[in-house]
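Down below is the structure, laid out as structure tokens.
The values are calculated or read from the model by the stated rules, or taken from the named source; none is laboratory data. Computed from a predicted structure; not experimentally measured. Glycine also receives a Cβ, built like all others from the backbone with ideal geometry; neighbour counts cover every protein chain displayed. We work out accessible area using only protein heavy atoms, side chains counted, and drop any ligands, DNA or RNA first. Shrake-Rupley method; radii C 1.70, N 1.55, O 1.52, S 1.80 Å.
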Amino acid sequence: MNLDALVAPLRADVVSGASVVARAAADVVRRAASRIPADSPTEFRTGMADLTGRILDAQPSMASLVALGRDVLLALDDAHDVTEARAAAAGAATSFRDFLQWGIASIAERFLTVVPEGSTVLTLSASSTVRRALEEAGRRGPLKVVCLEGRPVSEGRRLAQQLAAVGVDVLFAVDAAAASLLETSDHVVMGADSLGDRGFVNKIGSRALALSAEGEGVPVHVVLDRTKFLPPGFPQPTDDPRPAEEVWRAPPGVHVWNRYFESVPARLVTDFVTEEGVHTPDQAEAVRADLPVPAELRNWADRWR
């Protein structure tokens, strides 16, 4: 079985948000659960751990993939034979995918408690969780959204189109205009690929936006479900080089730096809006501290030290 071929589309997806990639990863696990060759639960677990590692390597900054691996590996703890193990892995992946759908809807409801009607909201990149929250807020009352483009692949354009299509008042701008546009914004809303020891990880430009918001006194809300919470000690890699041509086909002698993600200190965040409620940074840290970690995931994390 070619696990690399199954995982390759996850690595290739450079536009979708973390929730979309996590749902695709859950589908990969469900397909693999019936195909990984194994004669015992132990052998099957080894194969599933291998797949989990490859999925994590494909998008190492996305904590939801850690949560998927955790749910699947924990589900295998009580399997007595290979048949049970295959069913447990597939069932865990299905439950994980269903949770992501439910979580986004629940977060949208929580979001309404922090962003009142008539607000002007500034956002960066194209998180599907952010989109759902903004769509719901727009349905409940007047809302203006400032969408930054999200260079280098400009996924913010897609978000602007999606919001405008459902009647939200949208202003689109280049990323460099963020500080100027904060002067007329009431809230900053961002998604996150992970929340961990380094703070939250999001699209490049998020740290400058959060720092500017702090200077202007504009609250920063990060919307994310519990699958984005990393246990203490887990890596949040952001040094993942991407093609230089996405930025510029530069002449000889010019080197292009292209990274998609960066970390933002949690102290710059007003609150984290989750399916379970609105958390302060300290409350979010307490949630992270209680997360279980299967040995295979801890081994993967140790590789990054």
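Below, the figures for the structure above:
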read-out	value
Inter-label distance for Val278 and Arg139, nm, one decimal - labels placed 7 Å from Cα along Cα-to-Cβ	2.1 nm
Segment 30-76: C-alpha gyration tensor shape, a/c 1.5 cut-off, then a/b vs b/c	prolate
Distance histogram in 10 Å bins (all Cα pairs of the chain, percent per bin)	6, 27, 33, 22, 9, 2, 0
Three-way shape label, segment 160-246, alpha-carbon gyration tensor, a/c 1.5	prolate
Reduced Cα scattering model of segment 197-305, Debye log10 I(q)/I(0), q = 0.09, 0.11 Å⁻¹	-0.32, -0.46
Shape call, segment 109-232: gyration tensor on alpha carbons, a/c limit 1.5	rounded
Percent accessible area from carbon and sulfur atoms, segment 216-305, protein chains only, probe 1.4 Å	53 percent
Of all accessible heavy-atom area on segment 98-182, the percent that carbon and sulfur account for (1.4 Å)	49 percent
Per-selection metrics, segment 19-165 (Cα): Rg and Dmax in Å	19.1, 60
Accessible area in square angstrom per residue, the chain, 1.4 angstrom probe	42 Å²
Net lengthening on full extension, Arg157/Ala12 (0.36 nm per residue, minus Cα-Cα)	50.2 nm
In segment 198-300, chymotrypsin sites (Phe, Trp or Tyr not before Pro) in a DSSP loop with at most 12 other beta-carbon atoms within 10 Å	Trp248, Trp257
Potential extension, Val254-Asn2 segment - 0.36 nm per residue separation minus Cα distance	86.9 nm
Whole-angstrom gap from segment 217-263 to segment 8-55, using each part's C-alpha centre	23 Å
Estimated 222 nm signal from helices in the chain, with DSSP H stretches of n ≥ 4 weighted -39500 (n - 2.57), rounded to 500	-15000 deg cm²/dmol
Calculated SAXS-style log₁₀ I(q)/I(0) at q = 0.14 Å⁻¹ - segment 43-104, Debye, Cα scatterers	-0.39
